[in-house]
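For reference, the structure discussed in these notes is given below.
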Amino acid sequence: MNIRNLHLANKVIVAPMAGITNLAFRKLLTRYQPGLYFNEMISDMALIYDNQRTWEMTHILENEQPIAFQLFGSKVETMVQAAQLLDQKTDCAVIDINMGCPVHKITKQGAGSALMKTPELAYDLMKNVVQAVKKPVTMKMRIGWDQENLNGVEIAQLAQKAGIDTIYVHGRTRAQMYSGTSSNEKIKEIVDSVNIPVVGNGDIRRAEDALTMVKETGCAAVMVGRALLNQPWLIQEIKDGFDGKETDLSLSIPQRLAFTLEHAQELINQMGEHLGMRQMRSHALWAFKGLPHSHTIKARVSQIAKYQDLELIINEYLEAFYSR
Ligand SMILES: Cc1cc2nc3c(=O)[nH]c(=O)nc-3n(C[C@H](O)[C@H](O)[C@H](O)COP(=O)(O)O)c2cc1C
């Protein structure tokens with residue numbers, strides 16, 4: 001698929017996830033080569049105020065192209081200004097506008113999915129950003145604010161009119177947050193309502209889910225989020241599935257936990273041990289999720305402070321359950 005004149009080598013896109021899709025995690029994903037990477041959402045105001053931490057979020061690796069940088073904000077002028085900064089001062093290939101984030105801290109400012117409640121402002125914002133930058137501009141949204149306000153089609157058509165190049169749709173409403181299920185039916189309505197590419201997103205946990213989503217919705221590509229936390233190889237399995245091959249690339253439990261240690265090391269390289277290991281707590285909990293006997297170590301994992309703490313927990317776990 002193409003995003004304007006940018007050709008994606010395959011139809012698997014990494015979903016933006018705040019606190020997760022930072023440089024460390026994306027580095028681990030490079031071995032599976034998705035069609036498009038995403039970083040974590042970036043505040044328009046933080047870029048404009050020259051916040052150093054925020055600018056660090058725009059660092060990318062040479063081999064993780066193409067990558068989209070996602071902006072959140074609710075004012076036309078500041079979103080335009082921030083988009084121009086990304087356009088001129090970073091190597092991202094695509095600029096994305098966040099109109100899907102359900103978190104109260106974001107929506108109370110009128111940003112993220114709250115923009116779906118103000119279609120005129122959303123249109124103005126998209127149109128002005130598109131006109132202000134050279135790079136392709138995309139938009140990520142949900143199917144509506146709640147069951148009574150399923151206006152995904154209206155917003156998609158406004159996006160097309162505003163010159164947006166591609167839309168990513170998570171098949172849930174804002175009110176659902178992450179509960180219930182993502183609706184392929186609603187994604188299809190949006191796919192059918194516009195001529196620009198629409199990427200489907202929501203609840204893809206196996207290659208088969210991606211194939212079903214494409215079949216049921218006609219979406220141009222798929223975007224995968226949470227499942228990558230404990231099965232990053234899913235990217236390759238979906239690519240294989242699109243090529244008509246059924247593959248099982250799942251790692252053994254010791255390999256998975258070695259991957260978790262690698263992730264911890266990358267986070268430490270990126271942000272130091274103190275912050276890195278704090279962030280690693282939730283990643284490690286995800287990594288252990290569903291593994292046999294993992295309940296025995298959950299409490300310890302949620303308190304790790306040093307790399308050695310995690311290494312010890314993993315070694316003891318493997319020793320107890322996987323040594324002969
Ligand atoms: C921890 C977390 C952080 C997220 N952060 C963002 C974000 O910064 N921007 C965004 O558009 N969506 C964000 N999302 C939503 C995902 O991009 C995706 O739409 C959602 O998880 C559904 O896809 P999945 O079922 O494959 O996970 C986040 C989701 C999670 C779980």
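Compactness check for the range 4-72: Cα Rg over 2.2 N^0.38 Å is 1.12. Checking every one of the GluC sites (Glu not before Pro) in the range 93-161 against DSSP loop status and a limit of 14 other Cβ atoms within 10 Å picks out Glu148. Placing unit charges on the Cβ atoms only, positive for Lys and Arg and negative for Asp and Glu, gives the range 253-322 a dipole magnitude near 300 debye about its Cα centre. When +1 charges are put on Lys and Arg Cβ atoms and -1 charges on Asp and Glu Cβ atoms, the dipole computed for the chain relative to its Cα centre reaches about 380 debye. The Cα-based radius of gyration and maximum Cα-Cα distance (Dmax) for the range 253-322 are 11.0, 32 Å. For Glu62 and Glu148, the FRET efficiency from 1/(1 + (r/R0)^6), where r spans their Cβ atoms and R0 equals 45 Å, is about 0.45.
Across the range 84-157, Cα pairs under 8 Å and at least six residues apart give a relative contact order of 34 percent.
Legend: Rg and Dmax of the range 116-216, from Cα coordinates, 13.6, 40 Å. Taking a point 7 Å from the Cα of Asn195 along the Cα-to-Cβ direction, the residues of the range 144-173 with backbone N closer than 20 Å to it are 153-168.
Calculation over all alpha carbon pairs of the range 2-242 in 10 angstrom steps from 0 returns a P(r) of 8, 36, 40, 16, 0 percent. With contacts taken as Cα pairs under 8 Å and at least 6 residues apart, the range 2-242 reaches a relative contact order of 17 percent.
In the structure displayed, which of Lys140/Lys186; Lys105/Lys306; Lys11/Lys161; Lys75/Lys140; Lys215/Lys245 lie more than 20 Å apart, Cα to Cα? Checking Cα-Cα distances, Lys105/Lys306; Lys11/Lys161 exceed 20 Å. When the chain is treated as a Gaussian network with alpha carbon springs shorter than 10 Å, the biggest mean-square fluctuation among Ala46, Ala24, Ala299 belongs to Ala299.
The range 107-173 and the range 208-230 have Cα centres spaced 21 Å apart.
Percent of Cα pairs in the range 173-220 per distance bin of 5 Å, from zero to the largest separation: 5, 23, 30, 22, 17, 4. Applying 1/(1 + (r/R0)^6) with r as the Cβ-Cβ distance of Thr212 and Gln308 and R0 = 51 angstrom yields a FRET efficiency of 0.75. Spacing of the modelled spin labels on Lys134 and Leu318, each 7 Å from Cα toward Cβ, amounts to 4.8 nm. Considering only Ser113, Ser74, Ser252, the mean-square fluctuation computed in a Gaussian network model of the chain, springs between alpha carbons under 10 angstrom, is largest for Ser252. Using a Förster distance of 22 angstrom, determine the FRET efficiency expected from the C-beta separation of Lys289 and Gln255, and round it to 0.05. It comes to 0.85. Rounded to the nearest 10 degrees, the inclination of helix 307-322 to the longest alpha-carbon principal axis of the chain is 60 degrees. In the range 68-161, one over the average inverse separation of all distinct C-alpha pairs is 13.1 Å, which is the Kirkwood hydrodynamic radius.
Values quoted throughout were computed directly from the atomic coordinates according to the rules given, and no laboratory measurement underlies them. Bear in mind that the values here come from a model prediction, so they are computed numbers and not experimental data. As a convention, Cβ positions derive from the backbone with ideal geometry for all residues, glycine included, and neighbour counts pool all protein chains shown.
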